[in-house]
Amino acid sequence: MSLFKGSEGISEIEIHEPPLRKARTRYPLLRNLKRDKYLLILFLPCLLYYLLFKYAPIFGIVIAFKDYNLFQGIMASEWVGFKYFKQFFESKDFFPVIRNTFLLGFYKLLFGFPAPIILALLINEMRNAFFKRFVQTVSYLPHFISNVIVAGIVVMFLSPSGGIINEILAALGLEKITFMVEADWFRTIYVASDIWQHIGWGTIIYLAALASVDPQLYEASRIDGANRWKQTLHVTLPGIAPAIVIILILDIGKVLEIGFEKVFLLATPATYSIADIISTYVYRVGLTNANYSYATAIDLFTGLISFVFILSANWISRKISDNSLW
């Protein structure tokens, strides 16, 4: 209300102020959803994928504790507790399978983890933009090739009759090697093919991290007389250290999660002593024989061990550095 002085005296005029817009503070979630609706639509397929194929199947874990019968269903099947876990621990295949899986995962981590870092550093040092893009493209392409095709390429290249590797050995006067039927070569073949297939894809994160390193640090190091090697050692690597630590922690958690397809395709009866890992054992003993409870128990055990690995790696990283997942 305000006073207005006119020719007839002072009068009062009612002024109605517009109501405050409380929607902004009362419903922030709706406002944010409306603002980011297009981003949420783009994220929706990814969310549905994880809900359907990652979170929804978690309910099936209960099968590991039941004598699952396909016709009775999950809830009506008999509860047996830790029967199948004990069966796996007491099996004669327990230690060989765990050993093969751990060693294959360890060698993959030991040689496969630093490979993308080294390639990213080498690409970062290239000065020819066209050649740099060419190398990036060529190194990325194998990641999109099916494991079936990769296994076929490996078998063809290592064939004792006409394989390019054995032809090179023969040209050098060396004896041809039957790679695919010698157990001692299996881990080398698997790790080498995996590095070739995924090294380019792994460089994406490290190249993005390298792009965030302050160029002024390189200029300061050059003024101090540092060569390219010392710049890499004291500027580049510390700059991408957070990304390296995060990827390392995640990879440690995947030591026992060796892919089934490539091992299954590359393995032969002559290499089972080395190539038989958890995933192939589950397929052969659990799924082929329709023993779903046994297969689920083994996979649940593997998941728990991987969870312990990632927790331990994160705890150690948090103790010795400032970088960790949480």
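FYI, it's all coordinate maths here, none of it is from the lab. Computed from a prediction, not measured in an experiment: that's the story for all the values here. Here Cβ is always computed from backbone atoms with ideal geometry, including for glycine, and neighbour counts include all displayed protein chains.
Can you put 180, 75, 126 in order, fewest other beta carbons within 10 Å first? Can you show the working numbers first?
Values: 180 19, 75 7, 126 14.
If I rank by nearby Cβ atoms, fewest first, I get 75, 126, 180.
Kirkwood hydrodynamic radius of region 87-165 from all distinct Cα pairs, in Å?
Working: mean 1/r = 0.0613 Å⁻¹.
Mean inverse Cα-Cα distance, inverted, gives 16.3 Å.
How big is the charge dipole of the chain about its Cα centre, in debye rounded to the nearest 20, if each Lys and Arg gets +1 on its Cβ and each Asp and Glu gets -1 on its Cβ? Could the numbers behind the result be given before it?
Numbers: 29 positive and 24 negative charges, 116 e Å.
Here the size comes out at about 560 debye.
Among 232, 105, 253, flag the residue with its Cα farthest along the positive direction of the charge dipole of region 86-320, charges on Cβ as +1 for Lys/Arg and -1 for Asp/Glu.
Towards the positive end, the residue furthest out is 232.
Roughly how big is region 115-201's charge dipole about its Cα centre, with Cβ charges of +1 (Lys, Arg) and -1 (Asp, Glu), in debye to the nearest 20? Don't skip to the end; give the middle numbers.
Details: 5 positive and 6 negative charges, 85 e Å.
For this selection, approximately 400 debye.
Applying 1/(1 + (r/R0)^6) with R0 = 45 Å to the Cβ-Cβ distance of residue 188 and residue 51, what FRET efficiency is obtained, to the nearest 0.05? Numbers along the way, then the final one.
On the way: r = 39 Å, r/R0 = 0.88.
Efficiency at R0 = 45 Å is approximately 0.70.
Pairs 108/319; 37/319; 83/108; 230/254; 230/319: which exceed 29 Å Cα-Cα?
On the way: 108/319 25 Å; 37/319 40 Å; 83/108 33 Å; 230/254 33 Å; 230/319 27 Å.
Among 108/319; 37/319; 83/108; 230/254; 230/319, the Cα-Cα distance tops 29 Å for 37/319; 83/108; 230/254.
Semi-axes of the equivalent ellipsoid of region 86-320: what are they in whole Å, largest first, if each equals the square root of 5 times a C-alpha gyration tensor eigenvalue?
Values: eigenvalues 272, 139, 40 Å².
So the three semi-axes of region 86-320 are 37, 26, 14 Å.
Put +1 on the Cβ of every Lys and Arg and -1 on every Asp and Glu Cβ in region 86-320; which of 241, 136, 268 then has its Cα farthest towards the positive end of the dipole?
241
Rank-order 248-256, 159-167 by packing density, defined as the average count of other C-beta atoms within 10 Å over each peptide's residues, highest first.
Numbers: 248-256: 18.6, 159-167: 14.6.
Packing order, densest peptide first, comes out as 248-256, 159-167.
Using a Cα-Cα cut-off of under 17 Å, which lysines could be cross-linked to residue 34, ignoring same-chain neighbours fewer than 8 residues away?
Here the lysines satisfying the reach criterion relative to residue 34 are 22.
What is the fewest-to-most order of 168, 298 by other Cβ atoms lying within 10 Å of their Cβ?
Details: 168 10, 298 24.
Listing 168, 298 from fewest to most nearby Cβ atoms yields 168, 298.
Step through the residues of region 189-205 one at a time and calculate ³J(HN,Hα) from phi using the Karplus curve (6.51 cos²θ - 1.76 cosθ + 1.60, θ = phi - 60°), rounding each to whole Hz and writing x for Gly and Pro.
Once rounded to whole Hz, the list reads 5, 5, 5, 4, 5, 5, 5, 4, 6, 10, 5, x, 5, x, 6, 4, 5.
Counting only residues 5 or more places away or on other chains, whose amide H sits under 5 Å from the amide H of residue 68 once H atoms are built in the peptide plane?
Those qualifying (amide H under 5 Å, at least 5 residues apart or on another chain) are 293.
Quick check on packing: order 236-244, 35-43, 273-281 by the mean number of other C-beta atoms within 10 Å, highest mean leading. If you can, show how the numbers build up before the last one.
Details: 236-244: 17.0, 35-43: 10.2, 273-281: 20.1.
Answer by packing, highest mean first, reads 273-281, 236-244, 35-43.
What is the distance, in nm, between label points placed 7 Å from the Cα along the Cα-to-Cβ direction at residue 290 and at residue 93?
In this crude spin-label approximation the distance works out to 1.8 nm.
In region 22-81, if the dipole is taken from +1 on Lys/Arg beta carbons and -1 on Asp/Glu beta carbons about the Cα centre, which of 72, 45, 56 is farthest to the positive end?
The listed residue farthest towards the positive side: 45.
Read phi for every residue in region 275-285 and hand back ³J(HN,Hα) as whole Hz from Karplus 6.51 cos²θ - 1.76 cosθ + 1.60, θ = phi - 60°, with x for Gly and Pro.
Computed from phi, the couplings for region 275-285 are 8, 6, 10, 4, 5, 6, 5, 4, 4, 6, 8 Hz.
Under the √(5λ) rule applied to the eigenvalues of the Cα gyration tensor, what semi-axes describe the equivalent ellipsoid of region 188-283? Give them in Å, descending.
Working: eigenvalues 326, 36, 22 Å².
Semi-axes from the Cα gyration tensor: 40, 13, 10 Å.
Where does the chain land at 222 nm, in deg cm²/dmol rounded to the nearest 500, when only DSSP H runs of n ≥ 4 count, each adding -39500 (n - 2.57), divided by all residues?
Numbers: 17 runs with 195 residues, N = 326.
Per the formula, -18500 deg cm²/dmol.
Would you mind telling me which residue in 106, 85, 59 has the biggest mean-square fluctuation in a Gaussian network model of the chain, where springs connect alpha carbons within a distance under 10 angstrom?
Result for the chain, Cα springs under 10 Å: 59 fluctuates most.
Using the Karplus curve 6.51 cos²θ - 1.76 cosθ + 1.60 with θ = phi - 60°, what ³J(HN,Hα) values do you get for each residue of region 49-60, in whole Hz, with x for Gly and Pro?
For region 49-60, the Karplus-derived couplings read 4, 5, 5, 7, 10, 10, 8, 4, x, 4, 4, x Hz, x marking Gly and Pro.
Give me the percent relative contact order of the chain, please, defined on Cα pairs under 8 angstrom at least 6 residues apart. Walk me through the intermediate numbers first.
Values: 306 pairs, mean separation 72.9, N = 326.
Rounded, it is 22 percent for the chain.
To the nearest 20 debye, what is the magnitude of the charge dipole of region 84-154 about its Cα centre, counting +1 on the Cβ of each Lys and Arg and -1 on the Cβ of each Asp and Glu?
Approximately 120 debye in magnitude.
Any idea how far the Cα center of region 260-281 sits from the one of region 74-124, in Å?
13
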